[in-house]
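Note sheet for the following structure.
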Amino acid sequence: MSLFCCLVFFLLSPSLISQPVLGLTQVISGLSSPMQVVNAGDGTGRLFVAQKGGAIRVFGPGPGFADLGTFLTVTGITTNGERGLLSLVFHPDYADNGFFFVYYTNAVGSLELARYSVSDNPNVADADSRVILLTIPHPGQSNHNGGEMHFGSDGNLYLSTGDGGGGGDPNNNAQNTTVLLGKMLRLTVNTSATPPYYSVPAGNPFGNEIYDLGLRNPFRWSFDRQTGDMWIGDVGQDSWEEINFRSASVGPGVNHGWRCYEGNSSYNTSGCGPMSNYSFPAYTYATQNPSAAITGGSVYRGADTRLQGYYIGADFYSGTFYKILRDGDNWLTYTQTLSPTGIVDFGEDEEGELYAVSLNNGAVYSVSVTSVVPVNLVRFTAKAARDGIELSWQTATERNALRFDLEYSTDGTNFSKFGSVTAKNLANGATYSFIHRLSVSGRVFYRLKMVDIDGSFEYSDIINLLLNAPVQNNFVQPSVVEGKILQVILDASYHTVELVSATGRVMARLKLSGSGGRTNIPVSQIPAGSYIVRAINNEGVLTQRIIVR
């Protein structure tokens, strides 16, 4: 077997972190198209569920979450397609002023933000108290409305809006700073009984309600209640779903890239600026059946230390949950498939415990840790060997571990088991290897299924390598870059060269003519650090690690 290699990815964590296994427990049922679960922050422990048709139900407090009736029915909305009552948020001083806000599509399909107040009955709102703060015209499409509301630590109201619908943002709304579609908006809401009911904060970068831009359909997003960082799930077009991380330390005016970029890939760069103008996702996954729509989630800040700091999101269609933990400069990402599907929202109670809403099942579920994966995996690699593909992995600790099942795929989606290795179950961890005898060409994907003695399991990240690719060593010169130019010398035809950070962010991308030869990449604006240079053609990917000083 002749194997020429290749592109090798590996999983490596400098900190040894257990992988929590999640479980869903139904706590509220019998709902009609639930869209969101929130708390009022008033010390009552109640949960409020916004339903697509306009009714807001109130429950609680937990753990029983008794049905306390209908809090409010928002009227004058339209519900076809993706329209309806989309979001509910309570004012930070709700316990004193009784104000809350709703976001919905009105009778003509425009996006509308309204304020209400509670009545003398704490479980019933005053339906006559509605005042309209903002109405955003929306094209004839029923999709891509956004959106979710949260109050920031600055006391302002933040609202995400979709790009107006239609494939590929045909009007380029997301990049237009005079249009409120495809944006993150920021408003200072007033508590007066008379207009105006909001004003534009002085720090907004374009003199209007826009805070950030370049979003496609940021249907669900959240603030980390501990750090103030923003996490945005932005539903993709045809190729990539993305989770955007926006540090609280970054000022307003972030451009998340749509429609110039979908995920880390170019989409429609007509009229777009240099790549340095845009912020790229912390995590992407391919839009492949059944995965097709990200539901942005929340960072867990409840009482369970095993889940502390993990961001939890999910794909609406596949039921795949994404567990992401920021560990220094690394993003540790684990996936797990749960039932039911149709997860349309993640919300928190007053104590930071996490809940998921299933539109399909009409129910709310608590999200908790059922167990911790018995293995701390710190390395998983694949490389070509004389008699096959050598898979190697290393653990830091093992407890109650049973075995490792090895699975492979040729498309990155459909995996088959081809071997098992019994766990050594050593407290200080162990190293393992396995030869996969496989006669194929092209890209091959691998993952480890780590199985506990009680039958619970967790998957590693997926690694992949390209077989039968031509070898070209040191195609980047120099490999330690101390000047302003990185030279790429290719002896075959490639259509793209990319410079990729350790977190997977594409820092620079050049389109090539398809011929070999010398290409220069300017790196004067690139921060010092370790990077991967990728040369891409239809046959595969050529990579080389470099250091920028």
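The values are calculated or read from the model by the stated rules, or taken from the named source; none is laboratory data. Since the structure is predicted, the reported quantities are computational estimates derived from the model, not experimental observations. Glycine gets a Cβ as well: all are built from the backbone with ideal geometry, and neighbour counts include every protein chain shown. These accessible areas exclude ligands, DNA and RNA; they are computed on the full protein's heavy atoms, side chains included. Shrake-Rupley method; radii C 1.70, N 1.55, O 1.52, S 1.80 Å.
Things to note:
- Of residues in region 482-516 being out of contact with any Lys or Arg (no Cβ under 8 Å at 6 or more places or on another chain), of a type in the set (S, T, N, Q) and modelled with pLDDT of 70 or more, the one nearest to residue 244 (Cα to Cα): 501
- Hits in region 281-311 - residues which are surrounded by fewer than 20 Cβ atoms within 10 Å (Cβ to Cβ) and over 22 Å from residue 413 (Cβ atoms): 301, 302, 303, 304, 305, 306, 308, 309
- Residues considered: 128, 120. Of these, the only one that is over 33 Å from the mean Cα position of the chain (by Cα), charged (D, E, K, R), farther than 20 Å from residue 68 by Cα and surrounded by fewer than 21 Cβ atoms within 10 Å (Cβ to Cβ) is 128.
- Residue in region 186-206 that is in contact (Cβ under 8 Å) with a residue 12 or more places away in the chain, closer than 29 Å to residue 412 by Cβ and open to solvent by less than 40 Å² (accessible area, probe 1.4 Å) present: no
- Filtering region 470-481 to residues that are open to solvent by 10 Å² or more (accessible area, probe 1.4 Å) and either more than 18 Å from residue 549 (Cβ to Cβ) or at pLDDT 75 or above (or both) leaves 470, 471, 472, 473, 480.
- Taking the criterion of being surrounded by 19 or more Cβ atoms within 10 Å (Cβ to Cβ) and not basic (Lys, Arg), the residues of region 246-259 that qualify are 254, 255, 256, 257, 258.
- Just one of (1) outside any strand (DSSP E or B); (2) modelled with pLDDT of 95 or more fails for residue 292. It is (2).
- Exclusive hit being more than 15 Å from residue 150 (Cα to Cα), touching a residue at least 40 places away in the same chain (Cβ under 8 Å) and open to solvent by less than 60 Å² (accessible area, probe 1.4 Å), set 73, 44: 44
- Restricted to region 517-544, and to residues there that are open to solvent by 40 Å² or more (accessible area, probe 1.4 Å) and in a loop (DSSP other than H, G, I, E, B), the residue that is modelled with the highest pLDDT is 527.
- Residue within region 433-443 that is open to solvent by less than 50 Å² (accessible area, probe 1.4 Å), within 20 Å of residue 335 (Cα to Cα) and in contact (Cβ under 8 Å) with a residue 60 or more places away in the chain present: no
- In the set 123, 106, only one residue is touching a residue at least 24 places away in the same chain (Cβ under 8 Å) and farther than 17 Å from residue 40 by Cβ; that residue is 106.
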